[in-house]
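The values are calculated or read from the model by the stated rules, or taken from the named source; none is laboratory data. For clarity, every value in this text was computed on a predicted model and none was experimentally measured. Cβ atoms come from the backbone with ideal geometry, glycine included; neighbour counts cover every protein chain shown.
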Amino acid sequence: MPAKPDAGTPGKKKPKLAVWKFASCDGCQLSLLDCEDDLLAVAGAVEIANFPEASRAVVKGPYDVSLVEGSITTTHDAERIHQVRRASKFLITIGACATSGGIQALRNFQNVDDYVSIVYASPQYISTLKTSTPIDEHIHVDFELRGCPVNKHQLIEVLNAFLNNRKPNIPKHSLCVECKRKGLPCVMVAQGIACLGPITQAGCGVLCPSYNRGCYACFGPMETPNVPSLMDWLEQLGVDKADIVRALQTYNVNAKAFRKGSLA
């Protein structure tokens, strides 16, 4: 990884950080704002050059690090993301929308015109693509941080890593590993509750299993998910096939493993 400006050395310019929004709910940007004291440290280490959620100030690029939230759903955004890439030394996608297309990627399985005519009173004014696609289908992405929304501690870790010329320490294993570490009984084995934990990447702090609920796969597929095997187990628990498909077609519906599993 090329060397970057040293934020802690006197006389050196601070690295420029930009945050960009595409089709999304802003939840991942709010996760950054929710970092509180950690955010103050980040603000002291970088020059926040473009972050509409936090400031109206806009500093021209190029940018050392760009965080991109949201999926590509319009022709305008398909063009704009290339502009962001050209202006960015490193580009990191944050959240399910940017890394897999988000829940709005449900349009990829249907005719989007049918939805537009139902939702909007004047659909003739709506200009949108037939699909919702992740950022890496349009440009090169240096790192993907999953979650709906992202884990704020992981977000700070990724920023720290890129600002200090090292690889981010983000887990790729399944949520089940985290459940074991916390000493939680498996809700699927012990209570027969449908859970997507075995195929889901860790990162949420096992929020749902901690409250005796099955995982909803907010953080997308783990590194090597065995989706067909889990689908077989869910059927043995008595879960209807239609409900299994719906479980896969949520926040990360367009993630390759989930899309393939739901269509199988």
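What the table shows:
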read-out: Out of Thr93, Thr133, Thr128, Thr99, sole residue that is over 21 Å from the mean Cα position of the chain (by Cα) and of a type outside the set (D, E, K, R); value: Thr128
read-out: Residues located in the stretch 190-248, provided they are surrounded by fewer than 17 Cβ atoms within 10 Å (Cβ to Cβ) and under 20 Å from Lys152 (Cα atoms); value: Gly205, Leu207, Ser210
read-out: Any chance Ala96 is of a type in the set (A, V, I, L, M, F, W, C) and crowded, with 19+ Cβ neighbours inside 10 Å; value: yes
read-out: Total residues in the stretch 184-221, condition farther than 23 Å from Thr93 by Cα and polar (S, T, N, Q); value: 3
read-out: Index of the failed condition, Arg166 passing every other in (1) buried (at least 21 other Cβ atoms within 10 Å of the Cβ); (2) modelled with pLDDT under 95; (3) not in a helix (DSSP H, G or I); value: (1)
read-out: Unique match (being in contact with a strand residue (DSSP E or B) (Cβ under 8 Å, 6 or more places away or on another chain), closer than 21 Å to Asp64 by Cβ and surrounded by 12 or more Cβ atoms within 10 Å (Cβ to Cβ)) among Leu175, Leu145, Leu129; value: Leu145
read-out: The stretch 101-140, residues that are touching a residue at least 60 places away in the same chain (Cβ under 8 Å) and not polar (S, T, N, Q); value: Gly101, Gly102, Ile103, Ala105, Leu106, Phe109, Pro134, Ile135, Glu137, His138
